[in-house]
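Remarks on the structure that follows.
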Amino acid sequence: DVKVTQSSRYLVKRTGEKVFLECVQDMDHENMFWYRQDPGLGLRLIYFSYDVKMKEKGDIPEGYSVSREKKERFSLILESASTNQTSMYLCASSFPGVDTQYFGPGTRLTVL
Amino acid sequence: AQRVTQPEKLLSVFKGAPVELKCNYSYSGSPELFWYVQYSRQRLQLLLRHISRESIKGFTADLNKGETSFHLKKPFAQEEDSAMYYCALSGNGGYQKVTFGTGTKLQVIP
């Protein structure tokens, strides 16, 4: 059974802080993704990675960066958190090509 | 550019009534279409994908390339079907970005 875990379920940070969101998967998936989920906007892709040390920008990468040093771990970094980054963040992973994505439980980030 | 449109934010139906969640897409090539579901306090998960041509939990979806639609249907709604449903599209071949719609909340009234 695929397991995608995220480091925190809830996180509260202050404007300007550097924020790290961690995601780990245990299925040896090559692809990993970060989305944000907002009411009325659905899921929007922030960044994805199809291999270690590889990253590609998604639809809304501004204000975010990512790191993938190991295959199982994909980190999302908010360099200087802002209130408009308050959201639910979802991590997902999949095998290469067009395949089912497996999602983590999400991290609800509030930036004050 | 690829786009997925789910025109309804909320769909309320009575238990036992038929359900149809609409999804239209825009893509220049041959797409892969998916439906994902998120039940209350659970993670997002795949419900079905068009290439599998299977029925999951009584739901089916047919890809209509002429109308560029992939509507999700169920003949008789059940209370446990209440959830958030997302239609998603991916291109074919190699790595392709997955684009999600804005989601439709299905509320089944007992």
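The values are calculated or read from the model by the stated rules, or taken from the named source; none is laboratory data. As the structure is a computational prediction, the values presented were derived from the model and not from experiment. Neighbour counts are summed over all protein chains in view; Cβ atoms, including those assigned to glycine, are modelled from backbone coordinates with ideal geometry. Heavy atoms of the whole protein, side chains included, go into the accessibility calculation; ligands, DNA and RNA do not. Shrake-Rupley method; radii C 1.70, N 1.55, O 1.52, S 1.80 Å.
Structural remarks
- Highest-fluctuation residue, A:GLY58, A:GLY42, A:GLY16 considered, GNM on chain A with Cα pairs under 10 Å: A:GLY42
- Per-selection Rg to Rh, the stretch B:1-57 - Cα, Kirkwood hydrodynamic radius: 0.98
- Shielding by other protein chains, B:42-54, mean Cβ within 10 Å: 3
- Remark: the stretch A:4-102 carries 47 Å² of accessible area per residue (probe radius 1.4 Å; ligands, DNA and RNA excluded).
- Simple point charges give the picture: +1 on the Cβ of Lys and Arg, -1 on the Cβ of Asp and Glu, and for the protein assembly as shown a dipole about the Cα centre of about 400 debye.
- When chain B is treated as a GNM with alpha-carbon contacts under 10 Å, the residue of B:LEU47, B:LEU89, B:LEU11 showing the greatest mean-square fluctuation is B:LEU11.
- If you wrap the Cα atoms of the protein assembly as shown in a convex hull and average its projected area over all directions, you get 12.1 nm².
- For the stretch A:41-68, a decrease in accessible area of 10 Å² or greater in the assembled protein chains relative to the isolated chain, with a 1.4 Å probe, applies to A:LEU41, A:GLY42, A:LEU43, A:LEU45, A:PHE48, A:TYR50, A:ASP59.
- This model, with +1 at the C-beta of Lys and Arg and -1 at the C-beta of Asp and Glu, gives chain A a dipole about its Cα centre of some 400 debye.
- Cβ-based charge dipole, the stretch A:4-102, positive-most Cα from A:GLN37, A:TYR50, A:THR83: A:THR83
- Buried surface between chains A and B: roughly 1800 Å² of accessible area, summed over both sides, computed with a 1.4 Å probe on protein heavy atoms only.
- Equivalent ellipsoid semi-axes, chain B, via Cα gyration tensor eigenvalues times 5, rooted, Å: 24, 14, 13
- Local electrostatic count at B:LEU72 - Lys and Arg +1, Asp and Glu -1, tallied over other residues with Cβ under 10 Å: +1
- Pairwise inverse Cα distances across the stretch A:4-102, averaged and inverted, put the Kirkwood hydrodynamic radius at 13.6 Å.
- The stretch B:1-55: GluC sites (Glu not before Pro) falling in loop per DSSP and having at most 13 other Cβ within 10 Å: B:GLU54
- Percent carbon-and-sulfur accessible area, the stretch A:4-102, ignoring ligands, DNA and RNA, probe 1.4 Å: 51 percent
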